[in-house]
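Student: Provided herewith is a single structure, encoded as structure tokens, for subsequent inquiry.
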Amino acid sequence: MGRYKVTGCIVTHNNMHSIKKTLDSLLEFTRADFKLYVVDNSSTDGTPEFIEQNYPQLELIRNAGNTGFGAGHNLIIDRLDSKYHVVINPDITVRDDAISALADYLEEHEDIGLLGPKICFPDGRMQILGKRDPKIKYLFASRLRNEEKPSKFLREYAMLDEDYTKPFDIENASGCFFMIRTELFRKIGGFDEGYFLYFEDSDITRTVRKYARAVFDPEVVVYHEWERESKYNLRLLFVHIRSMFYYMRKWR
């Protein structure tokens, strides 16, 4: 493990049900020189109060409103003094020092700007997540997915025919957990705040690829609850659709 600083940020909004597991696992296993920020987007379930009372070693930032995922992460850009930065969902857990492993890999590969790990369900099954740029056919395949027998288009979208025993280049990294060079994160201005939620990860990966490689590292594993709320929540479904159209217009 090299001598460099890593920062991380979690954006929360009413995540009291999952935040303790996330914070405890990150603090237990991370051995890097690591500073963790939590930006709370105006939770009403006691999340920020719980963090203040139980995790004084973290830096909590209370956002006056719920400005969205990307805007929440962007709030800490000017505070970062690290070489590498991790974007983390509030429903992620780790079981080893995944953060140091990703940072070490970036240290050895200067042409990589963004690095994503293998993301699994808590029971160890790999999550089938898009790794190519979103297209309408891929989005329909993802919405109608069969985890046991993924369709041709879902296999294409998730690049399931690649060799998952070694790293490979990707077009799209999941925003639930990825590491980016802090200097590059600052250079591109963080996330596009035109997205409230969804597709901001596809967008930032595509932007990063103008300057550096985006790579998937299956040797590093994190665990994600992945509630897929937009599948069951009509309001979030509309947010998802709006973000999709914003993305398609921007990158057409």
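Student: Springs between alpha-carbon pairs under 10 angstrom, Gaussian network model over the chain: which of 20, 83, 135 fluctuates most?
Tutor: Judging by the Gaussian network model, the answer is 135.
Student: Charges on Cβ only, +1 for Lys and Arg, -1 for Asp and Glu, centred on the Cα centroid of region 59-121; of 114, 85, 73, which one is farthest towards the dipole's positive end?
Tutor: In region 59-121, that residue is 73.
Student: Which parts of region 2-17 would a label at residue 108 reach, counting a residue when its backbone N lies under 16 Å from a point 7 Å out along Cα-to-Cβ?
Tutor: 2-3
Student: Would you calculate a helix-derived [θ] at 222 nm for the chain, using -39,500 (n - 2.57) for each DSSP H run of n ≥ 4 and dividing by the full residue count, to the nearest 500? Walk me through the numbers on the way to the answer.
Tutor: On the way: 9 runs with 83 residues, N = 252.
Result for the chain: -9500 deg cm²/dmol, rounded to the nearest 500.
Student: At a probe size of 1.4 Å, how large is the accessible area of residue 153, to the nearest 10 Å²?
Tutor: For residue 153, the solvent-accessible surface is approximately 80 Å².
Student: Moving on. Please name which of 53, 43, 134 has its Cα lying farthest along the dipole of region 1-156 towards the positive end, using unit charges on Cβ (Lys, Arg +1; Asp, Glu -1) and the Cα centre as origin.
Tutor: Most positive-ward Cα: 134.
Student: Moving on. How far, in nm, would the chain grow between residue 168 and residue 233 when pulled straight, counting 0.36 nm per residue and subtracting the alpha carbon separation?
Tutor: Numbers: separation 65, 0.36 × 65 = 23.40 nm, distance 3.42 nm.
That works out to 20.0 nm of additional length.
Student: Related question: Could you estimate the translational diffusion coefficient of region 133-186 from the Stokes-Einstein equation, with Rh from the Kirkwood formula over C-alpha pairs, at 10 °C and 1.306 mPa s, in whole µm²/s?
Tutor: On the way: Rh = 13.0 Å.
Using the Kirkwood radius from Cα pairs, D works out to 122 µm²/s.
Student: Tell me, what is a quarter of the convex hull surface for the C-alpha atoms of the chain, in nm² with one decimal? Could you put the intermediate results ahead of the total?
Tutor: Details: hull surface 51.2 nm².
Approximately 12.8 nm², given one-decimal rounding.
Student: Name the lysines eligible as straight-distance cross-link partners of residue 166: C-alpha to C-alpha under 28 Å, and not fewer than 8 places from it in the same chain.
Tutor: Within reach: 5, 83, 118, 131, 135, 137, 149, 152, 210.
Student: Please report, in debye to the nearest 20, how large the charge dipole of the chain is about its Cα centre when each Lys and Arg carries +1 at its beta carbon and each Asp and Glu carries -1 there. Show your work: numbers first, answer last.
Tutor: Working: 36 positive and 39 negative charges, 220 e Å.
So the dipole magnitude of the chain works out to roughly 1060 debye.
Student: Around residue 21, under 13 Å between beta carbons, what's the net of Lys plus Arg minus Asp minus Glu among the other residues?
Tutor: Details: positive: 20, 95; negative: 24, 28, 91, 225.
After counting each charged neighbour, the total is -2.
Student: Among 116, 130, 189, which one shows the biggest mean-square fluctuation in a GNM of the chain, springs joining Cα atoms closer than 10 Å?
Tutor: Most flexible of the set in this elastic network: 189.
Student: When only Cα pairs under 8 Å and 6 or more residues apart are kept, what is the percent relative contact order across region 34-151? It would help to have the intermediate numbers written out before the result.
Tutor: Working: 61 pairs, mean separation 18.7, N = 118.
Relative contact order here is 16 percent.
Student: Assuming R0 = 22 Å, what is the FRET efficiency of residue 146 and residue 249, from their Cβ-Cβ distance, to the nearest 0.05?
Tutor: On the way: r = 30 Å, r/R0 = 1.37.
That pair, residue 146 with residue 249, gives E of 0.15.
Student: Can you give the relative contact order of the chain as a percent, counting alpha carbon pairs under 8 Å and 6+ residues apart?
Tutor: On the way: 469 pairs, mean separation 60.0, N = 252.
About 24 percent, as a whole number.
Student: Using a Förster distance of 35 angstrom, determine the FRET efficiency expected from the C-beta separation of residue 31 and residue 211, and round it to 0.05. Can you show the working numbers first?
Tutor: Working: r = 29 Å, r/R0 = 0.83.
Rounded to the nearest 0.05, the efficiency is 0.75.
Student: Same structure again: How would 40, 123, 192, 78 line up by accessible area, probe 1.4 Å, largest first?
Tutor: Values: 40 5, 123 100, 192 35, 78 145 Å².
From most exposed to least exposed: 78, 123, 192, 40.
The values are calculated or read from the model by the stated rules, or taken from the named source; none is laboratory data. Not measured: the values here are computed from a predicted model. We place every Cβ from the backbone using ideal geometry, glycine too, and count neighbours over all the protein chains shown. Please note that ligands, DNA and RNA were not included when accessible areas were found on the heavy atoms of the full protein model with its side chains. Shrake-Rupley method; radii C 1.70, N 1.55, O 1.52, S 1.80 Å.
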